[in-house]
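Worksheet: one structure, shown below.
The values are calculated or read from the model by the stated rules, or taken from the named source; none is laboratory data. Remember, it's a predicted structure, so these values are computed and weren't measured experimentally. All Cβ positions, even for glycine, are placed from backbone atoms using ideal geometry, and neighbour counts span all protein chains on display. Just the protein is used for accessible areas: all its heavy atoms, side chains included, with ligands, DNA and RNA removed. Shrake-Rupley method; radii C 1.70, N 1.55, O 1.52, S 1.80 Å.
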There are 2 protein chains.
Amino acid sequence: MSNIVVIGAGIAGISSALSLQRSLPHAKITILAEKFSPHLTSDIAAGYWMPYLVSFPQPDLLNRICRDTFEYISSLVKKEDAGAMWQSGYDVSREEREVPHWASLVKGFRRLSQEELDGFGGGYKSGHFFTTLALEPTTYIAYATREFLSKGGMIRQGRVKSLHELTAEFDTIINCSGLGARDLVGDDQVSPIRGQVLRVRAPRVKHFFCDGDYYCLLNSNFVVVGGTHDEGEWDTRVNEETARKIMEENVKRIPELKGAEIISHHVGLRPFRTSLRIEKETIRNAEGRETTVIHNYGHGGSGITLFWGCARRVVELLDIERSHL
Amino acid sequence: MSNIVVIGAGIAGISSALSLQRSLPHAKITILAEKFSPHLTSDIAAGYWMPYLVSFPQPDLLNRICRDTFEYISSLVKKEDAGAMWQSGYDVSREEREVPHWASLVKGFRRLSQEELDGFGGGYKSGHFFTTLALEPTTYIAYATREFLSKGGMIRQGRVKSLHELTAEFDTIINCSGLGARDLVGDDQVSPIRGQVLRVRAPRVKHFFCDGDYYCLLNSNFVVVGGTHDEGEWDTRVNEETARKIMEENVKRIPELKGAEIISHHVGLRPFRTSLRIEKETIRNAEGRETTVIHNYGHGGSGITLFWGCARRVVELLDIERSHL
């Protein structure tokens, strides 16, 4: 029987574990993580499906990963405790833009007229309206964790300094360490893109809005207002002046946000990598024993857009059908 | 100086008063009503802009009234305390339907594909997605009341049995008595269309839905789930079986509604009339003294869709420009 460890309890980790458990119901699967929800980068994400700040050289595979995730979130909407919902809104830009590759996946994708664009102020030149999915990460992680535990999955707290620590106990390692991959596997292609956001009570806001700089995304009980994308910035302290500016600029664009009550401030470090890493590696310990490693990290600002497709890809990379692990 | 009384403090009454006050800043304007918000039919309405259950023989005028109201609500969105917001959603039917006359007024009106229709279950044959306005009646009435009082308007509680009671004190009467017109002016074309609804906490629901029988409309802090349209029915008691059925049928169509927490149950009597009555009449008292009456009632299920256009029409019918009232 296979003995698998998943490093990391963010949305990538828990989903990889759940996906493996579905394909390998008899495997022993352990999630090993230093920190857990709600103290993760995932918990700060707005949980909105739209490819953003991610890079990958295989567009067909990336599209499949996006689509698999979209369809999975769609299937979760009917579960009252998974945190999934449909939402409609506006994605605008000051530049002319092509129709994105995912336009046919979301519902009712349409170009905005110049009159609609002008309605926001801000000098926008192009934009789209569409209906997409949102998944509240904290709610989903709790749901997925319950699922995982109810089917025999195990969870353990601990800090891993090197993959080699794990090779004696586990035959397979799934590396969902996010920014932690920088130290864990010495990957200096990994770096943070800092994002500062506010959570506000703005119950009149029924549409999302995103202009690349500023955005306003709907969760069930609050609105996530952002944001920044500070490349290479590790500082997780809240900047008050930035928060003030974020609110001010969003209110200019979305009048329903006026008078919103601020609930909390957050800073998250998006786990960016020059290219999303979803691949298999074989490592050997001192005695020459082989351990399979699947890397699944570097999701940048698209964790929610990619997580399930990546979790399915983890299973595929393990080549479970052929090897009957 | 003109001395005007507006009968009724629902959305039609307060808006007529406000509209008159804007055109006649020096007039003495009094709202006279038996009951006030939040104890009115207006307070039970979901506050959603879409022509529904209303009849009027002059389509051009009705369209103008609809449009004026739409534009007015649109102007209120930027006011944080007026209760106005944009919302998107689905209006579906089991019959083939023409594109409605107001399609060009709302934003992003598009026909739904059969696949989208099938997604709801329920055997729908046609449907539309669009972005329209909502106005929370209770919030708006409070806003409009503050505006009216701040500019010298007066409000008085009392029950009027006949318009003739008022002719000694007032030279102009605006009759916004809704269903009350049946007794007040003996209008037996007025009758109720009973509507039973629930207010629920369903924060994952970000789109409205309406299929003619069942609907789900968004307010800021709750979702209004309906409903019934019981013609001629005066019973305002909540029917528990009906409530259960309303929830069950809506949940089938809108998965995000699953697990919704019921806040309260309501029954409202829509003030229907065979034709919306917005017209001028002159009445004479025993001494032959003339009093101008403008009737503004019979809005059916379209109070929020018509209220401001009707309030402007009240001003127009008084012919203020010419008479310098």
For A:L166, are the conditions met, namely being more than 29 Å from A:G227 (Cβ to Cβ), aliphatic (A, V, I, L, M) and either touching a Cys at 6+ places or on another chain (Cβ under 7 Å) or in contact (Cβ under 8 Å) with a residue 60 or more places away in the chain (or both)? yes
Enumeration of residues in segment B:80-90 that are open to solvent by 10 Å² or more (accessible area, probe 1.4 Å) and more than 18 Å from the chain's Cα centre (by Cα): B:E80, B:D81, B:Y90
So, B:A84, is that one in contact (Cβ under 8 Å) with a residue 24 or more places away in the chain, more than 14 Å from chain A (Cβ to nearest Cβ) and touching a strand residue (DSSP E or B) at 6+ places or on another chain (Cβ under 7 Å) or not? no
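For every residue, the table says whether it meets (1) part of a helix (DSSP H, G or I); (2) among the polar types (S, T, N, Q); (3) touching a residue at least 12 places away in the same chain (Cβ under 8 Å).
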{"residue": "B:T30", "(1), (2), (3)": "no, yes, yes"}
{"residue": "B:K35", "(1), (2), (3)": "no, no, yes"}
{"residue": "B:H39", "(1), (2), (3)": "no, no, no"}
{"residue": "B:M50", "(1), (2), (3)": "no, no, yes"}
{"residue": "B:F56", "(1), (2), (3)": "no, no, yes"}
{"residue": "B:L61", "(1), (2), (3)": "yes, no, yes"}
{"residue": "B:R64", "(1), (2), (3)": "yes, no, yes"}
Checking the condition closer than 25 Å to A:L269 by Cα, away from chain B (no Cβ under 14 Å) and of a type outside the set (F, W, Y), which residue from A:L32, A:L20, A:L24 passes? A:L32
For the list (1) open to solvent by less than 40 Å² (accessible area, probe 1.4 Å); (2) of a type outside the set (V, I, T); (3) more than 14 Å from chain A (Cβ to nearest Cβ); (4) touching a helix residue (DSSP H, G or I) at 6+ places or on another chain (Cβ under 7 Å), I need the number of the one condition that B:D188 fails. (1)
Top-ranked residue of segment A:57-67 - restricted to ones that are open to solvent by less than 40 Å² (accessible area, probe 1.4 Å) and touching a Lys or Arg at 6+ places or on another chain (Cβ under 9 Å), ranked as modelled with the highest pLDDT: A:I65
Residue among A:E249, A:E241 that is part of a helix (DSSP H, G or I), surrounded by fewer than 19 Cβ atoms within 10 Å (Cβ to Cβ) and under 26 Å from the mean Cα position of the chain (by Cα): A:E249
Do you know which residues across segment A:204-238 are within 14 Å of another protein chain (Cβ to nearest Cβ), in contact with a Leu (Cβ under 9 Å, 6 or more places away or on another chain) and either open to solvent by 10 Å² or more (accessible area, probe 1.4 Å) or of a type in the set (A, V, I, L, M) (or both)? A:R204, A:V205, A:K206, A:H207, A:V223, A:V224
Go through (1) in contact (Cβ under 8 Å) with a residue 24 or more places away in the chain; (2) among the small types (G, A, S); (3) open to solvent by 40 Å² or more (accessible area, probe 1.4 Å) for B:S150 and report which single condition fails. (1)
Among the residues of segment B:68-79, is there at least one that is part of a loop (DSSP other than H, G, I, E, B), surrounded by fewer than 21 Cβ atoms within 10 Å (Cβ to Cβ) and acidic (D, E)? no
Based on what the data block shows, is A:P100 under 22 Å from the mean Cα position of the chain (by Cα), surrounded by fewer than 19 Cβ atoms within 10 Å (Cβ to Cβ) and in contact (Cβ under 8 Å) with a residue 12 or more places away in the chain? yes
In segment B:256-267, is there at least one residue being in contact with a Ser or Thr (Cβ under 7 Å, 6 or more places away or on another chain) and open to solvent by less than 30 Å² (accessible area, probe 1.4 Å)? yes
Do we find a residue being more than 22 Å from B:Y52 (Cβ to Cβ), open to solvent by less than 40 Å² (accessible area, probe 1.4 Å) and either of a type in the set (D, E, K, R) or at pLDDT below 95 (or both) anywhere in segment B:309-320? yes
Report those strands (runs of 3 or more DSSP E) wholly inside segment A:120-183 carrying at least 1 residues which are within 30 Å of A:R94 (Cβ to Cβ) and out of contact with any strand residue (DSSP E or B) (no Cβ under 6 Å at 6 or more places or on another chain). A:126-135
Would you pick out the residues in segment B:239-262 that are away from chain A (no Cβ under 14 Å), touching a Phe, Trp or Tyr at 6+ places or on another chain (Cβ under 9 Å) and among the β-branched types (V, I, T)? B:I246
Name the single residue, out of those in segment A:109-128 being touching a helix residue (DSSP H, G or I) at 6+ places or on another chain (Cβ under 8 Å) and surrounded by 18 or more Cβ atoms within 10 Å (Cβ to Cβ), that is farthest from the other protein chains (Cβ to nearest Cβ). A:Y124
Could you figure out which of (1) within 14 Å of A:T139 (Cβ to Cβ); (2) open to solvent by less than 20 Å² (accessible area, probe 1.4 Å); (3) within 14 Å of another protein chain (Cβ to nearest Cβ); (4) out of contact with any Asp or Glu (no Cβ under 7 Å at 6 or more places or on another chain) isn't true of A:Y48? (2)
